[in-house]
1. I'd like the FRET efficiency for A:Phe14 and A:Arg192, computed as 1/(1 + (r/R0)^6) with the beta carbon distance as r and R0 of 30 Å, rounded to 0.05.
2. Contour minus end-to-end for A:Leu41 and A:Glu131, with contour as 0.36 nm per residue of separation and end-to-end as the Cα-Cα distance?
3. Picking from B:Gly169, B:Gly182, B:Gly42, which is most flexible by a Gaussian network model of chain B using Cα springs under 10 Å?
4. Of the DSSP beta bridges with both residues in chain B, give the percent that are antiparallel, rounding to the nearest 5.
5. Quick check for you: which residues of the stretch A:9-52 have the amide N under 17 Å from the point 7 Å beyond the Cα of A:Phe212 toward its beta carbon?
6. Arrange the following residues from fewest to most other Cβ atoms within 10 Å of their Cβ: B:Cys148, A:Cys23.
7. Report, for chain A, the % of DSSP beta bridges that are antiparallel, rounded to 5.
8. Given the rule -39500 (n - 2.57) for each run of at least 4 DSSP H residues, summed and divided by the residues of chain A, what is its mean residue ellipticity at 222 nm, to the nearest 500 deg cm²/dmol?
Amino acid sequence: MAGEKRKGLQLLDFWVSPFGQRCRIALDEKALPYEYLEQDLGNKSELLIRSNPVHKKIPVLVHDGRPVCESLIIVQYIDEAFSSSSSLLPSDPYARAQARFWADYIDKKVYDCGTRLWKTKGEPQQQARKEMVEILKTLEGALGDKPYFGGDEFGFVDVAFVPFTAWFLTYERFGEISVEKECPKLAAWAKRCGERESVKKNLSPPEKVYEFIATLKKKFGIE
Amino acid sequence: MAGGGDELKLLGLWASPFVLRVKLALSIKGLSYEDVEEDIFGGKSELLLNSNPVHKKVPVLLHNGKPICDSQIIVQYIDEAFPGSGPSLLPTDPLERAVARFWAAYVDDKLLASWLQSGKSKTEEEKAEAFKQTLMAVENMERTFNECSKGKPFFGGDSVGYLDVTLGGLVAWLHAAEKLHGVRLFDATRSPLLEAWLERFGELEAVKVVLPDVDSLVEYAKQRQAAEAAAAADAGGN
């Protein structure tokens, strides 16, 4: 109801969304309790529309009744509003700029290319395949020999990218890309992140992501 | 007036709104820098290609030789690396920062994107649709200005803030587009607050010194259009 200002944190989300998972992981990394509210994207709730009138998209974090939208903005907000617990972003301005650059790169490239991998066939799919390999190799280059993108600690860029590791199986089956083969360091990083509680708890099982996409493909009539 | 031992170099293109955004931030913060003009269409420099290997685009800010890319990331960097210089661009409150970042992203992803699309559209229908999206985005920005400024002169309140700088990158092109196409995007009936903001922002000394000349931009736009048409013709057209 209008005027209801709930205290605490609520996350408006959709179970398989890698963008939503970024927020869930960040909240858990900071040990912040929150109420998870699964949204029906085919029939958007009044709460969602009211909280994100501009884009009407998930995820939305509602903190004491006030909404924050866009997953990377939400993660930065969580980091800044709850600064007493371990930081996701580094404190050095140059390192922060690098972290933002790679998170932005992931945002602009991975999901879009991944979608084209399973939504298209023939020449466009081949093109998407080529691009995805390039994107993954670029990210692998940024990772280098570090355990995490930010260095020794799990941080902002890791949070930004790790939900997409649940999609590697889908890329493999529909796009014929083996991350293990093309980018072994990235595959190792994915495994390392997968051992963290926050990641284990919040990533969708890869088989479930695959089933979800397979169902969407049928729905869109893509053989 | 950068701190001792701080060398700032900006790789840019005089006509780019993204580069202008960075120049605005540097100017408002009172920071001196070397302004390096890249020949984007003729041949990008080794320095640019090495500094931004991923996107190969301007602007790139080099701080003591270390590159920072992407206009919005650069502006945030400037704000964080030089906290003592000039006003703080981003607010201190985390929620206000989130709001500023949200609308800064909106400026590029929605407002600028649909505006550019309306210029690039091949059919009248596409053009009309893109322009409709642009006007909707302007409406949203007008409402945002109202909410953020709370009756004060800028998005940042009494002084210029992150969102002013972000939208500020478009200022010269807003004027140029009016001369080229006769369309005033921030006009008195649709967006009176933004129209007033545009005037006010443009009057600031720190802004005036970095704004490119509007007539030169108009010439540039015509040249680019001709060059693109020629390239399309060479490529054999559709």
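1. On the way: r = 27 Å, r/R0 = 0.89.
It comes out at approximately 0.65.
2. Computed gain between A:Leu41 and A:Glu131 is 29.5 nm.
3. B:Gly42
4. Bridges in chain B that DSSP calls antiparallel: roughly 70 percent.
5. Counting backbone N atoms under 17 Å from the label point, the list is A:11-26, A:36-44.
6. On the way: B:Cys148 21, A:Cys23 30.
Least crowded to most crowded, the residues run B:Cys148, A:Cys23.
7. 70 percent
8. Computed ellipticity for chain A at 222 nm equals -17500 deg cm²/dmol.
A short reminder: the numbers here are calculations on the coordinates, not readings from a lab. Note that the structure is a prediction, hence the values are computed from the model and not measured. All Cβ positions, glycine included, derive from the backbone under ideal geometry; neighbour counts span all protein chains shown.
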